[in-house]
1. Picking from A:G63, A:G51, A:G77, which residue would you name as being more than 11 Å from the chain's Cα centre (by Cα) and more than 24 Å from B:G103 (Cβ to Cβ)?
2. Scan (1) among the small types (G, A, S); (2) free of Cβ contacts under 8 Å to residues at least 40 places away in the same chain; (3) exposed (fewer than 13 other Cβ atoms within 10 Å of the Cβ) for the single condition A:G16 breaks and write down its number.
3. Just to be sure I understand, how many residues within the range B:1-39 are of a type outside the set (A, V, I, L, M, F, W, C) and in contact with a helix residue (DSSP H, G or I) (Cβ under 7 Å, 6 or more places away or on another chain)?
4. Starting from residues that are in contact with a Cys (Cβ under 6 Å, 6 or more places away or on another chain) and outside any loop (DSSP other than H, G, I, E, B), keep the ones in the range B:78-112 and report whichever is modelled with the highest pLDDT.
5. Sort out which residues of the range B:1-40 are among the small types (G, A, S) and either within 14 Å of another protein chain (Cβ to nearest Cβ) or under 15 Å from B:M59 (Cβ atoms) (or both), and write them in order of number.
6. Identify, by number, the condition in (1) within 14 Å of chain B (Cβ to nearest Cβ); (2) surrounded by fewer than 19 Cβ atoms within 10 Å (Cβ to Cβ); (3) part of a strand (DSSP E or B) that A:G77 doesn't meet.
7. A:C91 - would you say it is surrounded by 19 or more Cβ atoms within 10 Å (Cβ to Cβ), more than 8 Å from chain B (Cβ to nearest Cβ), closer than 15 Å to B:S41 by Cα and touching a Cys at 6+ places or on another chain (Cβ under 9 Å)?
8. Output yes when any residue across the range A:62-70 is without any contact (Cβ under 8 Å) to a residue 24 or more places away in the chain, within 9 Å of another protein chain (Cβ to nearest Cβ) and either closer than 23 Å to A:V112 by Cα or small (G, A, S) (or both), and no when none is.
Amino acid sequence: NAGVTQTPKFRVLKTGQSMTLLCAQDMNHEYMYWYRQDPGMGLRLIHYSVGEGTTAKGEVPDGYNVSRLKKQNFLLGLESAAPSQTSVYFCASSYSSSLGELFFGEGSRLTVL
Amino acid sequence: DAKTTQPPSMDCAEGRAANLPCNHSTISGNEYVYWYRQIHSQGPQYIIHGLKNNETNEMASLIITEDRKSSTLILPHATLRDTAVYYCIVRVAVEIGGKLIFGQGTELSVKP
């Protein structure tokens, strides 16, 4: 049972390049989330999904897109990376929105030069 | 969601109880208190949550004041492995999206 798996774990991009972070969970969870973590800022919600085929904006959605084509996968895309998107990205999932604890992946460290 | 206030850092001696406070004076009646922690460079880990009654599990105890405006997370016998950033979050139980907004947390250092 792998839980929540993120790929890649590390990536360096040049400004303007695009990339996709993949999050996969094997717990049959309905809800999935993407957070970013920056020094002194805690974790901030980027986008989330309440089920297959649905997505919604979180606290800091600008510059990111997401897709949830399959229940187990939640993709985070950067179409044109900017240095301000240098961060550690965490994916999480939960069984339901009500009272559900979040299960987090190990994080993906992205550097944009 | 109500905002929370936590001290930025705390120290605790190994083997002693660690008591982490959280103020949430604007909490609404349908908002729960959640605690997560994050050990350096790892993903956050769920610890415990509660509405108004005190809660206990294998990791910690959660004490919520009667007026629900503050709470305390208690690690009964802190170990070096409990050194982490602890986040207190309040949120509505049934909320579309179920998002949790993390603040800056308390950095707990457990010392030998």
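The values are calculated or read from the model by the stated rules, or taken from the named source; none is laboratory data. Just so it is clear, the model here is predicted, and its values are computed rather than measured. When we count neighbours, we look across all protein chains shown, and the Cβ atoms used for this are built from the backbone with ideal geometry, even at glycine.
1. On the way: A:G63 fails: more than 24 Å from B:G103 (Cβ to Cβ); A:G77 fails: more than 11 Å from the chain's Cα centre (by Cα).
Among A:G63, A:G51, A:G77, only A:G51 is more than 11 Å from the chain's Cα centre (by Cα) and more than 24 Å from B:G103 (Cβ to Cβ).
2. (2)
3. The initial filter retains those residues of the range B:1-39 that are of a type outside the set (A, V, I, L, M, F, W, C), namely B:1, B:3-9, B:11, B:14-16, B:19, B:21, B:23-26, B:28-32, B:34, B:36-38.
With the extra rule that they be in contact with a helix residue (DSSP H, G or I) (Cβ under 7 Å, 6 or more places away or on another chain), the set shrinks to B:14.
Residues that pass the stated criteria total 1.
4. Our first condition is that a residue be in contact with a Cys (Cβ under 6 Å, 6 or more places away or on another chain); within the range B:78-112, this holds for B:78, B:88, B:110.
Next cut, outside any loop (DSSP other than H, G, I, E, B) only: B:88, B:110.
Details: B:C88: 93, B:V110: 97.
Among them, the one singled out is B:V110.
5. Within the range B:1-40, the subset among the small types (G, A, S) is B:2, B:9, B:13, B:15, B:17-18, B:25, B:28-29.
Across the range B:1-40, the qualifying residues are B:S9, B:A17, B:A18.
6. (1)
7. On the way: surrounded by 19 or more Cβ atoms within 10 Å (Cβ to Cβ): yes; more than 8 Å from chain B (Cβ to nearest Cβ): yes; closer than 15 Å to B:S41 by Cα: yes; touching a Cys at 6+ places or on another chain (Cβ under 9 Å): yes.
When the stated conditions are applied, A:C91 passes them.
8. First, pick out the residues of the range A:62-70 that are without any contact (Cβ under 8 Å) to a residue 24 or more places away in the chain: A:62-63, A:65, A:67, A:69-70.
Narrowing further to those that are within 9 Å of another protein chain (Cβ to nearest Cβ): none.
The answer is no, given that none of the residues of the range A:62-70 is without any contact (Cβ under 8 Å) to a residue 24 or more places away in the chain, within 9 Å of another protein chain (Cβ to nearest Cβ) and either closer than 23 Å to A:V112 by Cα or small (G, A, S) (or both).
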